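The values are calculated or read from the model by the stated rules, or taken from the named source; none is laboratory data. A quick note: this is a predicted structure, and the numbers were derived from the prediction, not measured. Virtual Cβ from ideal backbone geometry, glycine too; neighbours counted across all protein chains shown.
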Amino acid sequence: MKFDISYIFDALPRLLEGALITLQVAILGFCFSIILATLITIAKTSFNSRIFNGFIAFYISFIRGTPLLVQIFLIYYVLPVFGLNLAPFPAGILAITLNSAAFVIEILRGGLASVPKGQFEAAKSLGISGYALWWKIILPQTFITSIPPLVNEFTMVLKATALLSVITVVELMRVSQQIYSANYHPVEVLSATFIIYFLMCFVVSRSSVFLEQRFKVKRA
Amino acid sequence: MLEYQIFFDYFPMILLGFWLTLKIVVCAIALGIPLGLILALGRRSNFILISFFATSFIELFRNTPFIIQVFLFYYVLPFYGLRLSAEYVGILALAAFGSAYFAEIIRAGIDAIPKGQLESARAIGMTDWQSMKNIILPQTVSIVLPPLTNQTLTLIKESAILSTITVHELTMTGLMVQGETFRPFEVFIMVALLYWALNETIASIMRRIEKRYSRNRKQNKIVRSNIDIIKSSGFSR
């Protein structure tokens, strides 16, 4: 057998469609995880309850201590046992969200630590609390300092979506498997997929510098 | 609701998978760290060809999902006439994946050593390799240890993906038991707990070692912020 580049061109349109689904899953999962992590971070700081914080620490430790693949299986195979039948796509997004949220909570904790205590005190002395305190004062500062690790986390999520192929979410990896199981040219098809993933992740990871620059200007 | 019998009946089988996971990860690390060191030195090399090759290897493997690397190894090696069993393909893939990250960690560690160290080593007549081996690398050990541990934990978790190319490690065993018993909850909880226990054990041992090291390190004059940067960059899934 020889490396036949024509198979790459044949597969390319479908692979790019798969790449769009991959992006869709990654963006949805990442947005949900940011929302969830933000809510948990706010709850952690405002309640300061030992039970809640302990539970969150337990959750983070579990997510960071077990493979994402096992977490995906847990969600996909175990939820139906409790009567919750999820299709592969929502199950995949749920798995990505729950996984990524644990990492985003840790990132936000670091970002929050860099916000000076005086910001809270100043807000308090001005009578600002609740929604305005977080939305207008604390969260913007937290997120701006967290941009580089958040971008890094997004590339992690982008790579993690490839695992959803094992529960038959038809994203890039799954599409490539479908193509090469039909034409028996795995090397060409997988190489093309490899390069598409690389381009996506590389562009995202390099965008960190650009994003930082942009928000720095805005802040000044 | 829970069928406790499954825990007892299938635990030995699961443990066998766990043992294979351990073996694979140890082999992958044993291969990956030397390869990572070579890549790190290669990236710093003055020969453009070598540094280009090392850089592209590192960037390619860091910016793609591990699952596709595994499949590429699984199909590409036989394509060029190298037929290996799934276990060996898995070890190679895991070692290649790990080495790209190890290389970046080691490179950051080398960069954290003050430039004067290398210059003085060269000034007293050591060759490049001698000063690297005797002066620079020993100093990087305590710096790179925490991120290397993090990466090891990542490799343990990524090894679960080898189940997709039919390596009979922990996750694969779990899938097989699940197919036999149709009790996914018990099985996957067992699998997850084993991974978790392994990771937590390694993490706590390394935390203790790190504490001892950092007490000694205070005497060193390595810039503190550099170490913090490296520590935070070792943060990974």
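Which ones in segment B:1-58 are β-branched (Val, Ile, Thr) and touching a helix residue (DSSP H, G or I) at 6+ places or on another chain (Cβ under 9 Å)?
The answer is B:Ile6, B:Ile14, B:Thr21, B:Ile24, B:Val25, B:Ile29, B:Ile33, B:Ile38, B:Ile50, B:Thr55, B:Ile58.
Scanning segment B:62-76 for residues that are farther than 17 Å from A:Ser205 by Cβ, of a type in the set (Phe, Trp, Tyr) and more than 7 Å from chain A (Cβ to nearest Cβ) turns up B:Phe73, B:Tyr74. Residues in segment A:101-119 that are more than 8 Å from A:Thr142 (Cβ to Cβ), hydrophobic (A, V, I, L, M, F, W, C) and in contact (Cβ under 8 Å) with a residue 40 or more places away in the chain: A:Ala101, A:Ala102, A:Phe103, A:Val104, A:Ile105, A:Ile107. Of the candidates A:Leu158, A:Leu211, A:Leu164, the single residue that is surrounded by fewer than 20 Cβ atoms within 10 Å (Cβ to Cβ) and assigned to a helix (DSSP H, G or I) is A:Leu211.
All conditions in (1) modelled with pLDDT of 90 or more; (2) more than 16 Å from A:Ala26 (Cα to Cα); (3) not basic (Lys, Arg) hold for A:Tyr184, with the sole exception of (1).
Screening B:Gly179 with (1) more than 9 Å from chain A (Cβ to nearest Cβ); (2) surrounded by fewer than 21 Cβ atoms within 10 Å (Cβ to Cβ); (3) touching a residue at least 12 places away in the same chain (Cβ under 8 Å) gives one miss only, at (3). The residue pairs whose first member lies in segment B:146-162 and is at negative phi and at the interface with chain A (Cβ under 10 Å from one of its Cβ atoms), whose second member is aromatic (Phe, Trp, Tyr) and assigned to a helix (DSSP H, G or I), and whose beta carbons are closer than 6 Å, counting only pairs six or more residues apart or on different chains, are B:Glu158/B:Phe66; B:Ile161/B:Phe66. Just so you know, in segment A:129-155 the residues that are among the polar types (S, T, N, Q) and assigned to a helix (DSSP H, G or I) include one that is nearest to A:Arg14 (Cα to Cα), and it is A:Thr155. Take segment A:181-194 and flag every residue that is part of a helix (DSSP H, G or I) and in contact (Cβ under 8 Å) with a residue 40 or more places away in the chain. Scanning segment A:181-194 gives A:Asn183, A:Val187, A:Glu188, A:Val189, A:Ser191, A:Ala192, A:Thr193. Of the residues making up segment A:1-19, those that are assigned to a helix (DSSP H, G or I) and either closer than 24 Å to A:Val203 by Cα or β-branched (Val, Ile, Thr) (or both) are A:Ile8, A:Phe9, A:Ala11, A:Leu12, A:Pro13, A:Arg14, A:Leu15, A:Leu16, A:Glu17, A:Gly18, A:Ala19. Report yes if B:Ile209 is at pLDDT 80 or above, hydrophobic (A, V, I, L, M, F, W, C), out of contact with any strand residue (DSSP E or B) (no Cβ under 7 Å at 6 or more places or on another chain) and buried (at least 20 other Cβ atoms within 10 Å of the Cβ), otherwise no. No; evaluated as a whole, the condition is false for this residue. Evaluating B:Ala95 against the criteria (1) at pLDDT 95 or above; (2) touching a helix residue (DSSP H, G or I) at 6+ places or on another chain (Cβ under 8 Å); (3) more than 23 Å from B:Leu145 (Cβ to Cβ); (4) not hydroxyl-bearing (Ser, Thr, Tyr) leaves one unmet condition, (3). Answer with yes or no whether A:Val203 is farther than 30 Å from A:Pro13 by Cα, free of Cβ contacts under 8 Å to residues at least 40 places away in the same chain and either assigned to a helix (DSSP H, G or I) or away from every other protein chain (no Cβ under 13 Å) (or both). Considered against the rule, which asks whether it is farther than 30 Å from A:Pro13 by Cα, free of Cβ contacts under 8 Å to residues at least 40 places away in the same chain and either assigned to a helix (DSSP H, G or I) or away from every other protein chain (no Cβ under 13 Å) (or both), A:Val203 comes out as no.
Test A:Val175 against the stated conditions and say whether it is in a helix (DSSP H, G or I), in contact (Cβ under 8 Å) with a residue 12 or more places away in the chain, at the interface with chain B (Cβ under 10 Å from one of its Cβ atoms) and crowded, with 16+ Cβ neighbours inside 10 Å.
For A:Val175, the condition - in a helix (DSSP H, G or I), in contact (Cβ under 8 Å) with a residue 12 or more places away in the chain, at the interface with chain B (Cβ under 10 Å from one of its Cβ atoms) and crowded, with 16+ Cβ neighbours inside 10 Å - is not met.
Mind checking which residues of segment A:180-195 are over 15 Å from B:Glu59 (Cβ atoms) and either surrounded by 18 or more Cβ atoms within 10 Å (Cβ to Cβ) or within 9 Å of another protein chain (Cβ to nearest Cβ) (or both)? Passing the criteria: A:Tyr180, A:His185, A:Pro186, A:Val187, A:Glu188, A:Val189, A:Leu190, A:Ser191, A:Ala192, A:Thr193.
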